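The values are calculated or read from the model by the stated rules, or taken from the named source; none is laboratory data. Computed from a predicted structure; not experimentally measured. In this analysis, Cβ positions are derived from the backbone assuming ideal geometry, glycine residues included, and neighbour counts consider all displayed protein chains. Heads up: the accessible areas ignore ligands, DNA and RNA and are worked out on the full protein's heavy atoms, side chains in. Shrake-Rupley method; radii C 1.70, N 1.55, O 1.52, S 1.80 Å.
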Amino acid sequence: MRNKFLNLEHVALKDERTLRLLKDIMAAVPVQYIYLHNNFLVGKPIQEMLIMVSFKHVCILNELTPILNIVFNGQMEWGYRVFHVHEVEQALQEGSLFFYYATVAENCLFSRSGVFLDGGNPKLIADQVSTTCRHGINKANKFLIGATFYFRQQNFEYCAFMLHQVFDMMYRAIEVLVMGKDKKTHRIRIHQLYIKPYVEPLSVLFNDSEEEASLLHLLDEAYLAVRYENNYAISESAIVSLFEKADLLYVVAEQVYQGIMNKHFDRQERVLG
């Protein structure tokens, strides 16, 4: 680990434990960048390391999880997530608010090339973020229209499938906004776990009660059951409950979006002021 690739101005690197952790990470993983950021976009600030690798060196990121879990074992101060460099660069080009703030030069702990990622033009970000987020919500809206159609037709199975897509699209839109990347899953239960550290209300949209756990199971099963024509049945009352959950999902998503955009504008005003 050569010093010229370290951002020695970062306060975290004054701590010997952090230097040791970086050394362990780099010994285990072919790292291109490591950023340490405080995600101020969420209600409760979260400190985490963003570890970035080249697709050329690691094709499947999940392969690194067991290794990094060992490296971070006992490390309670920071969490971590892993990304491909190219997907971060693409996200920055598309105006990702998360990566714009997370990858500023002062957050960089290590760069193998000795240069930092290009965060793009801050003046364009607000419009790009709005366009990206609204695009995801508009996709969800189309499925919601489909769900309403099938409900009126008393086809509750296809209605449940459409509602599942509503939840999937909405979670993904918010994940991209607050976490930089959506979770590659169709399980709403997994989406709830993924977003929990960042948006608490979306992690408990379906709580752990037996009734709501059963409702969430029906929602998740609808995706596979309808697509593969498995035996599947859901009651009208359960569908009504899912519509109510969808309404709440939209409310929370709008609150998250507005809150994050307000924080972004406040931050930019302070920078410009």
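Brief remarks follow.
- Among the residues examined, V271 does not qualify as at pLDDT below 95, under 30 Å from M49 (Cβ atoms), under 24 Å from the mean Cα position of the chain (by Cα) and assigned to a helix (DSSP H, G or I).
- Test: residue in the stretch 17-26 that is in contact with a Leu (Cβ under 7 Å, 6 or more places away or on another chain), under 30 Å from K263 (Cα atoms), surrounded by 12 or more Cβ atoms within 10 Å (Cβ to Cβ) and among the aliphatic types (A, V, I, L, M): no
- Any hit, the stretch 69-77, residues being at pLDDT 90 or above, among the β-branched types (V, I, T) and within 21 Å of Y198 (Cβ to Cβ): no
- Any hit, the stretch 145-154, residues being of a type in the set (A, V, I, L, M), at pLDDT 95 or above and farther than 19 Å from E244 by Cβ: no
- Filter result (over 20 Å from L177 (Cβ atoms) and surrounded by fewer than 19 Cβ atoms within 10 Å (Cβ to Cβ)) within the stretch 30-52: P30
- Which numbered condition K56 fails, given (1) basic (K, R); (2) closer than 18 Å to P197 by Cβ; (3) open to solvent by 50 Å² or more (accessible area, probe 1.4 Å): (2)
- Filtered residue count, the stretch 242-267, keeping only those that are touching a Ser or Thr at 6+ places or on another chain (Cβ under 9 Å) and open to solvent by less than 30 Å² (accessible area, probe 1.4 Å): 2
- Of the set (1) outside any helix (DSSP H, G or I); (2) closer than 22 Å to R267 by Cα, all apply to F99 but (1).
- Listed by position, the helices (runs of 4 or more DSSP H) inside the stretch 112-223 whose residues that are out of contact with any Phe, Trp or Tyr (no Cβ under 7 Å at 6 or more places or on another chain), open to solvent by 40 Å² or more (accessible area, probe 1.4 Å) and touching a residue at least 40 places away in the same chain (Cβ under 8 Å) number at least 2 are 122-152, 200-203.
- Scanning the stretch 224-241 for residues that are β-branched (V, I, T) and open to solvent by less than 40 Å² (accessible area, probe 1.4 Å) gives V226, I234, I239.
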